[in-house]
Amino acid sequence: MNIILLQDADFVSAERVQLTGRRLEHVCKVHRAVVGDELRVGKVNGLMGRGTILSLTDQQLELDIFLDQPPPAPSPITLLLALPRPKMLKRVLQSVSSLGVKQIYLLNSYRVDKSFWGSPLLEEEKLQEQLLLGLEQARDTIVPQVTLCPRFKPFVEDELPGITAGSVAYVAHPGVEMVCPHALDQKITLAIGPEGGFIPYEIEKLQGCGFIPVSLGERILRVETAVPVLLSRLHL
Ligand code: SAM
């Protein structure tokens, strides 16, 4: 936790918050903080700054808050991710959130196991939990938006053109000739396939929407490895 994220409900006045639970535990056990210490804080979807500890007990932490800094610039990459298995999704959401992606579309694909769509992890509150862990890691406050797209064809035909407008679009697909570009300075839409990869029909549909298939070389990476590699490679 490299920043303590504050929710509206934490504020008891404009400049004072009271925290319990996981954040209190972290401040006690990891920071080993005492009254008077300053901690890095940020308001969810707002500014970042410092919190001075006014009181600290086993039950509650009270901070005096001063917020004056903007969060870091967002990634220019919009991510389209074939829905991974829940365990992997957790890790991917955290890393994507920590890498600054703000638009995430979780997409169905022929090789996505149907049972994944029934996972409790897809409930809004659970998704938010994972995204906040990523923000806490990276010192960011802006929560990424996650959109569930359980029907591939209607999504690609009706919604994707609006999403890719003004961006260059790539689909990561092992075995194609074109090597994934790097250090681009523009808006990007990136599609990443499921563990079994996109099927040819899906690649054709994405190409019909302007996506260019690109490869990272002959090594086939797990989704959770491919995601951070592609995100850091594509963006300047
Ligand atoms: N057997 C599958 C195939 O050949 O497509 C492997 C899929 S891989 C485990 C899962 C996803 O990660 C792929 O659909 C792709 O989006 C991305 N990926 C993994 N390794 C890649 C590579 N070397 N080049 C491009 N994309 C890769």
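In Å, what is the Rg of the alpha-carbon atoms in the chain, and how long is Dmax?
Taking only Cα atoms of the chain, I get Rg and Dmax of 20.1, 61 Å.
Provide the three semi-axes, in whole Å and in decreasing order, of the ellipsoid equivalent to segment 61-191 as defined by the square roots of 5 times the Cα gyration tensor eigenvalues. Display every interim value, and only then the final one.
Numbers: eigenvalues 148, 84, 35 Å².
Three semi-axes, in Å: 27, 20, 13.
Expressed as a rounded percentage, what relative contact order does the chain have, with Cα pairs under 8 Å and six or more residues apart? Mind showing how you got there, number by number?
Details: 447 pairs, mean separation 46.6, N = 236.
Result for the chain is 20 percent.
Using packing as a proxy for protection, rank 208-217, 129-138 so that the peptide with the highest average count of other Cβ atoms within 10 Å comes first. Numbers along the way, then the final one.
On the way: 208-217: 16.4, 129-138: 19.8.
The packing order, highest mean first, is 129-138, 208-217.
Mind pulling the angle between the C-alpha long axis of helix 86-98 and the longest principal axis of the chain? Nearest 10 degrees, somewhere in 0 to 90.
Around 70 degrees separate the two axes.
In what sequence, highest mean first, do 52-61, 170-179 appear when ranked by Cβ atoms within 10 angstrom? Write out the running numbers ahead of the final one.
Working: 52-61: 13.9, 170-179: 16.0.
The packing order, highest mean first, is 170-179, 52-61.
FYI, it's all coordinate maths here, none of it is from the lab. As the structure is a computational prediction, the values presented were derived from the model and not from experiment. We place every Cβ from the backbone using ideal geometry, glycine too, and count neighbours over all the protein chains shown.
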